[in-house]
Structures are given as structure tokens and as C-alpha cells.
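Student: One structure coming up, written as C-alpha cells, with questions to follow.
The values are calculated or read from the model by the stated rules, or taken from the named source; none is laboratory data. In this text the structure is predicted, and so the values were computed from the model without any measurement. When we count neighbours, we look across all protein chains shown, and the Cβ atoms used for this are built from the backbone with ideal geometry, even at glycine.
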Amino acid sequence: MKFGVIVFPGSNCDLDAYHLVRDVLKQPVEYIYYNETSLGQCDVIILPGGFTYGDYLRSGAIARFSPVMPAVADFADRGGAVLGICNGFQVLTEAGLLPGALYRNDNLQFRCEQVFVRVDNNSLPFTRSASLGKVLEMPIAHGDGNYYAPPALLREMEAGGQVVFRYTDHNGDVTSAANPNGSVDNIAGVCNKNGNVVGLMPHPERAGEKILGSRHGLIIFKSIVSYFLDREVF
């Protein structure tokens, strides 16, 4: 299997993702630049965090029109595994590959801190190595992480298992104090209907080594490696 990390103008977490895949997971990985029109032979695509195109207009709004995005959309439509982290999550919502939208944090602050998120769907390629309800500690760093979807869409998402991660306290309890940005229903990450596209605001690539304070982010990356190893076996 092979990972591809999309690099947009303004991406600043591309190296973090590349390092974790290459040096921690020991898996093949390559950069794919915003002006390319093919994803090559990659099996997993990561849209990393950062401030694509300076976050002008809205976060991810301009990146959504990058030449590489039709290839990402086609890859996702064919069942390819796509992970959007922070700004990458914002790009995926702007592109219509994930439901809902991400607005300015309700406190109007840029929040950079450790948070806890609970795994509410562990049947996906990116969560299969976690137990249902597992609490992960990971950092956030965003000013526009306030997730919103209208009530009817939220009900549909809940019924379809599309709410993947929720902000909680360390015990896994959903509380307003655990919500760093005002996201509706404490939502920290979602997936598409087919479960092959996932976006989340916390940074798992910054929680993959002991020196960083948490290794919980590895669960997400090890899940996808496990998923592809199982596919190869069968």
C-alpha cells in the first residue's frame, strides 16, 4: 500500500503527516502537489492541516478548486480511502465530499490545546483498530473548527453512523466544557455515507510519538494499514 499527502499553497502539516507515515509507520508515502491532476498509484490520500491559500474567503474554499481536487473526488467516488485533517477536513466539506460545514470558533479564538475525542464509529477503515467509545487524546490548532449541519442532516448522519468522533472529557462524557469550538453535538469528525472519506479537526499526525505527549493518533493510521493488509490477504 502507498500513502499520498496532498500539498496545497499554505499547507503546513504535510511534513508531519509524511514523517509519521514514513518514519513511524514505515510505509511508502509521497507528496502530491495541488497543481497535479493524478494521484498516481496511491491507496490512501491525506489532506493535511494548514492555511490553504491563506484561508481567504473561507477555510478551504479556494483549495477546493485546485487542479488536484477532481482526482481526489474521483478517487473517493471509487471507494478510495481519504483522510482530511483540520484544514483538510475544511477542504473536504467545501468540496462536498463530506457533509456539513466548518465555521469560526464560537469563542472567536484560535484554540491550540490537547483535547479528548471519543470514537463513535469503529467500523471504518480509519477506526477499525479502536474499540467503540475509545477516548483518544490529540491536539487541536484551529480557528474555524465549529462544525455545523442542520437538524435534518444531523439525524440522517446519526442514523447512518457518519458521526465518527466527538469531543468529550477524559472519561468519554460529552460536556460543553469539553467542546473547544462550539461544534454542534460536540462533533469532532465525520465520514461520508460510504465510510471511505473521513475528516476530523484534531491532529492524529501530531499524536504519534511518545515525545509529543500522546500516541493515540497512531490508532487511526494503524487502522488503515490493517485494513489494507486484510484486503491483500483476501
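Student: What number of residues in segment 205-227 are over 22 Å from M69 (Cβ atoms) and in a helix (DSSP H, G or I)?
Tutor: 13
Student: Please indicate, with yes or no, whether at least one residue in segment 89-110 is of a type in the set (K, R), farther than 18 Å from F3 by Cα and modelled with pLDDT under 95.
Tutor: no
Student: Looking only at residues in segment 180-224 that are within 18 Å of D169 (Cβ to Cβ) and small (G, A, S), which one is nearest to the chain's Cα centre (by Cα)?
Tutor: Result: G189.
Student: Collect the residues in segment 126-143 that are under 14 Å from the mean Cα position of the chain (by Cα) and either among the acidic types (D, E) or not in a strand (DSSP E or B) (or both), keeping them in residue-number order.
Tutor: F126, T127
Student: Would you check which residues across segment 115-163 are touching an Asp or Glu at 6+ places or on another chain (Cβ under 6 Å) and either surrounded by fewer than 21 Cβ atoms within 10 Å (Cβ to Cβ) or of a type outside the set (S, T, N, Q) (or both) and list them?
Tutor: Answer for segment 115-163, where residues must be touching an Asp or Glu at 6+ places or on another chain (Cβ under 6 Å) and either surrounded by fewer than 21 Cβ atoms within 10 Å (Cβ to Cβ) or of a type outside the set (S, T, N, Q) (or both): F116, V163.
Student: Consider R58 against the criteria (1) surrounded by fewer than 24 Cβ atoms within 10 Å (Cβ to Cβ); (2) of a type outside the set (S, T, Y); (3) under 17 Å from the mean Cα position of the chain (by Cα); (4) under 23 Å from N146 (Cα atoms): it satisfies all of them except one. Which criterion is unmet?
Tutor: All conditions are met except number (3).
Student: If you don't mind, another one. Scan segment 1-34 for residues that are part of a loop (DSSP other than H, G, I, E, B) and without any contact (Cβ under 8 Å) to a residue 40 or more places away in the chain and jot them down. Outline the logic, then answer.
Tutor: Kept after step one, since they are part of a loop (DSSP other than H, G, I, E, B), are these residues of segment 1-34: 1-2, 8-10, 12-13, 25-28, 34.
N12, K26, P28, Y34 - these are the residues of segment 1-34 that are part of a loop (DSSP other than H, G, I, E, B) and without any contact (Cβ under 8 Å) to a residue 40 or more places away in the chain.
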